[in-house]
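What follows is a single structure, written as structure tokens, with notes after it.
The values are calculated or read from the model by the stated rules, or taken from the named source; none is laboratory data. Given the structure is predicted, the values throughout are model-derived calculations rather than measurements. Note: ideal-geometry Cβ built from the backbone for every residue, glycine included; neighbour counts use all protein chains shown. We work out accessible area using only protein heavy atoms, side chains counted, and drop any ligands, DNA or RNA first. Shrake-Rupley method; radii C 1.70, N 1.55, O 1.52, S 1.80 Å.
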Amino acid sequence: MAVTILKSGKSEVLRSEDDARVRATVEATLKDIETRGDAAVRELSAKFDGYSPPSFRLSQSEIDAAISMVSARDMEDIDFAQTQIRRFAEAQRASMRDIEIETLPGVTLGHRNIPVQSVGCYVPGGKFPMVASAHMSVLTATVAGVPRIVAAAPPQKGKPHPAIVAAMHKAGAHEIYVLGGMQAVGAMAIGTETIRPVDMLVGPGNAFVAEAKRQLYGRVGIDLFAGPTETMVIADETVDAELCATDLLGQAEHGYNSPAVLLTNSQKLARETLFEIERLLAILPTAETASASWRDYGEVIVCDTYEEMLTVANEIASEHVQVMTDRDDWFLENMHSYGALFLGARTNVANGDKVIGTNHTLPTKKAGRYTGGLWVGKFLKTHSYQKVTSDAAAAEIGAYCSRLCLLEGFVGHAEQANVRVRRYGGQNVPYGGAAQ
């Protein structure tokens, strides 16, 4: 396979060293929260956010006050976005049906889709107040029917961010906390004197939030591993360098460690995109962040064929994959490892991030190999059940079950089946024997 790398980022060794430092910090922080509860959370909030209110949970009057600060235009835009996201989530929920079938006469099997009972939704703040993350997590949980939805976001300039609070409230949050980072996800998962723990954590975040969720998995469920934003642009000469550079830098501005990859079969487009990126970085208001990401995590990869591009794309398994080629549907049919696809020059990742209706909480760090993104189904647990409603079925299934249990050496298991055969089938099966 002929693949040329025109630009590479940090080596895997250096990236692993960064990850190790994050792991150690998060582990110590979570232990502190578990040991000291509210006191640890308050110290962390004061340290990282300069925020230590009487209560981190907003009262209804505080929620109302925050909402009153949101302009009519901003509220209309929030409503529009939530309408699109709700519409798609409701269609997804409708596709998940409870089932019940009779597999044999007298044997009924089924499953029910039951909502997780409590969810903690983290909405990132940091450099940018991620209003859209409130729609993606809280609203989707609401559509799924989660009965207790807890939402947390860091303060902005020492107070709750009005638009985030409005989005959380309108999306259906039952409890809203002004808490950020590791202390937010740790408090929601572990619980403190004033915060009841949840059953599941969802929402994107920086490397520390993502690592905290990873370490808390098992104690609680998580949606997926959603670390720093990743983007890949797959392009050929049907598009120009301006589109490619804009789409790469539009995601690189998320943070200092947001991978952005151009994958193309055109040397010309690759070199023109490199030039265009430098031009845009000279005028982009968020250039300080975007340029660091591009310097350390940006890549430009040139392949000979579309088949090679497909192979490389599936290997990288990027969170966002923008496809702008003369065969976009071919990539849709053949891509198998990614977070979400954005097909054609008319769409873009920002649409998915903010408004179009699909969810923006997506797998990173190659997790697209084994999971998709957050959706209404993540908040639902599919539980099976069985009923045997006739004596004949109890005896028939019991006979098969007994013999299969003894094949494995499970005598006690076999007796569970045999007692039914004796009781409902009238057969005299000795203890530890096998129903014939």
- Positions within region 14-52 being part of a helix (DSSP H, G or I) and either among the aromatic types (Phe, Trp, Tyr) or farther than 23 Å from Lys213 by Cα (or both), in sequence order: Phe48
- Mind checking whether some residue in region 296-304 is surrounded by fewer than 20 Cβ atoms within 10 Å (Cβ to Cβ) and closer than 24 Å to Phe331 by Cβ? yes
- In region 228-264, which residues are part of a loop (DSSP other than H, G, I, E, B) and in contact (Cβ under 8 Å) with a residue 40 or more places away in the chain? Pro228, Thr229, Glu230, Asp236, Thr238, Val239, Glu253, His254, Gly255, Tyr256, Asn257, Pro259
- Task: Read through the list (1) in contact with a helix residue (DSSP H, G or I) (Cβ under 9 Å, 6 or more places away or on another chain); (2) open to solvent by 50 Å² or more (accessible area, probe 1.4 Å), then give the number of the only condition that Ser45 fails.
- Result: (2)
- Query: Looking at Leu341, Leu332, which one is within 30 Å of Ile78 (Cβ to Cβ), modelled with pLDDT of 95 or more and either of a type outside the set (Gly, Ala, Ser) or open to solvent by 50 Å² or more (accessible area, probe 1.4 Å) (or both)?
  - Reply: Leu341
- Would you mention how many residues in region 189-227 are surrounded by fewer than 24 Cβ atoms within 10 Å (Cβ to Cβ), in a helix (DSSP H, G or I) and free of Cβ contacts under 8 Å to residues at least 40 places away in the same chain? 1
- Query: All but one of (1) touching a Ser or Thr at 6+ places or on another chain (Cβ under 7 Å); (2) without any contact (Cβ under 8 Å) to a residue 60 or more places away in the chain; (3) not aromatic (Phe, Trp, Tyr) hold for Met182; which doesn't?
  - Reply: (2)
- Note on the structure: Counted residues in region 344-356 being closer than 15 Å to Thr231 by Cα and either of a type in the set (Val, Ile, Thr) or open to solvent by 60 Å² or more (accessible area, probe 1.4 Å) (or both) come to 2
- Message: For region 107-145: of the residues being open to solvent by 10 Å² or more (accessible area, probe 1.4 Å), at pLDDT 95 or above and assigned to a loop (DSSP other than H, G, I, E, B), which is nearest to Ile78 (Cα to Cα)?
- Response: Gly145
- Query: Could you count how many residues in region 265-292 are in a helix (DSSP H, G or I), touching a strand residue (DSSP E or B) at 6+ places or on another chain (Cβ under 9 Å) and within 26 Å of Trp330 (Cα to Cα)?
  - Reply: 5
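Out of everything in region 268-285 that is in contact (Cβ under 8 Å) with a residue 60 or more places away in the chain and surrounded by fewer than 20 Cβ atoms within 10 Å (Cβ to Cβ), what residue ends up being nearest to Asp326 (Cα to Cα)? Lay out the reasoning, then the answer.
Of region 268-285, the ones in contact (Cβ under 8 Å) with a residue 60 or more places away in the chain are 270-271, 274.
Adding the requirement that they be surrounded by fewer than 20 Cβ atoms within 10 Å (Cβ to Cβ) leaves 271, 274.
On the way: Arg271: 20, Leu274: 22 Å.
Checked region 268-285; the qualifying residue nearest to Asp326 (Cα to Cα) is Arg271.
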- Message: If I ask for residues that are more than 19 Å from Phe342 (Cα to Cα) and in contact with a Phe, Trp or Tyr (Cβ under 9 Å, 6 or more places away or on another chain), which ones from region 256-277 would you list?
- Response: Tyr256, Asn257, Ile277
